[in-house]
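Asks: Could you have a look at this structure, given as structure tokens, before my questions?
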Amino acid sequence: MTTSPPDVRARAGIAAAPIAAAPPKRGWRGPRLIRWISPVALLVIWQLLSGTGLVDNKKLPPLNVIWAAAVEVIQNGQLGDGLLVSLRRMLLGFVVGALVGAVLALLTSRSRLFDNAIDPLVQMLRNVPLFGVIPLFILWFGIGETPKTILIAIAGGLPIYVNVYAGLREVDPRLVEATTVLGYSRWQRLRHVVLPAAVPLSLVGVRLGLASSWLALVVAETVNADSGIGFMINNARDFLRTDIVIVGLLVYSFVGLILDSIVRAIQRYLLRWRVA
């Protein structure tokens, strides 16, 4: 039997929740423009402070110097090559952490034995200062890519575990009971009811995990990295190039924003059935 979740409600006599009318879409108006006021104001203040000499240009270069530094690292290939290395490093760690976190969440949420055996260990790991274990990872795995990948995987996997676990445990018990009445197998119940119900919280976990992985990358690339945006920043620091350091930090922030926007777009698409 492959009845979909809405059919489960109907055949079990569970009343479907009324669907409210979607709110009218708003055009591009003033309230949305307000979101741009603070970033633009920050740039103006930045330029005034550094351009007028109120702040030492070596500590906070003006925007035109930052722009010139960005053009420089783009033309000599540092930015492009470093960005590709950083993205590959982060995505590898994130995928590993996401897979491990999702599998552990599935096991612990569906089995009391695994819940008692695994969940306490994960909660203990959540309370360990992650960046404080870097020296231990270096002693265990050396100074290559392995400790960086493990650090990023742990940072990204923990939020995914917590949110997937919560999503799987918060399934409507009436639906679970209905699938039992209708004779669903355990696999059919998991596929047609439990997993779809866990999608919203799981996507929240993906957003949080992706952000955590990107933040962990910033720290991981300070551990004897010979490539990546972090290496570019450390190299610029050694030569007192504050402008290139700021360019690297801006790249981190903009790429993180783009990655989060991609996940949000996927989230809106997958959850388009929900009322806003």
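The values are calculated or read from the model by the stated rules, or taken from the named source; none is laboratory data. Bear in mind the structure is a predicted one, so any value in this text is a computation, not a measurement. Positions of Cβ are generated from backbone atoms using ideal geometry, with glycine treated the same way; all protein chains shown enter the neighbour counts.
A quick yes/no check of all residues on (1) surrounded by 14 or more Cβ atoms within 10 Å (Cβ to Cβ); (2) over 22 Å from the mean Cα position of the chain (by Cα):
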| position | (1), (2) |
| --- | --- |
| G101 | yes, no |
| L106 | yes, no |
| A117 | no, yes |
| M124 | no, no |
| L130 | yes, no |
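Asks: Of the numbered conditions (1) β-branched (V, I, T); (2) under 29 Å from I233 (Cα atoms); (3) surrounded by 18 or more Cβ atoms within 10 Å (Cβ to Cβ), V95 fails exactly one; give the number of that condition.
Replies: Unmet condition: (3).
Asks: Can I ask one more? If we keep just the residues of region 178-229 that are under 16 Å from the mean Cα position of the chain (by Cα) and of a type outside the set (A, V, I, L, M, F, W, C), which is surrounded by the fewest Cβ atoms within 10 Å (Cβ to Cβ)?
Replies: Filtering first and then ranking leaves P200.
One line per residue, one yes/no per condition, for (1) within 26 Å of L257 (Cβ to Cβ); (2) of a type in the set (S, T, N, Q); (3) in contact with a helix residue (DSSP H, G or I) (Cβ under 7 Å, 6 or more places away or on another chain):
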| residue | (1), (2), (3) |
| --- | --- |
| F131 | yes, no, yes |
| W140 | no, no, no |
| I160 | yes, no, yes |
| N163 | yes, yes, yes |
| V181 | no, no, yes |
| L190 | no, no, no |
| G230 | yes, no, yes |
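Asks: On to the next question. Quick one: which helices (runs of 4 or more DSSP H) sit completely within region 158-264 and have at least 1 residues that are modelled with pLDDT of 80 or more, within 21 Å of I134 (Cβ to Cβ) and among the acidic types (D, E)?
Replies: Values: elements: 173-181, 186-189, 195-220, 229-238.
Hits in region 158-264: 229-238.
Asks: Pick from R241, R237, R191: which is free of Cβ contacts under 8 Å to residues at least 12 places away in the same chain, within 26 Å of G77 (Cβ to Cβ) and of a type outside the set (S, T, Y)? I'd like the intermediate steps shown before the answer.
Replies: Details: R241 fails: free of Cβ contacts under 8 Å to residues at least 12 places away in the same chain; R191 fails: within 26 Å of G77 (Cβ to Cβ).
Residue meeting the stated conditions: R237.
Asks: State which residue pairs qualify: first residue over 16 Å from G228 (Cα atoms) and inside region 245-270, second residue among the small types (G, A, S) and at pLDDT 85 or above in any location, beta carbons under 9 Å apart, and separation of 6 or more residues or different chains.
Replies: From region 245-270, the pairs are L259/A211; D260/A211.
Asks: Of everything in region 142-153, what is in contact with a helix residue (DSSP H, G or I) (Cβ under 7 Å, 6 or more places away or on another chain) and touching a residue at least 60 places away in the same chain (Cβ under 8 Å)? Give them in sequence order.
Replies: Correct list: P147, K148, T149, L151, I152, A153.
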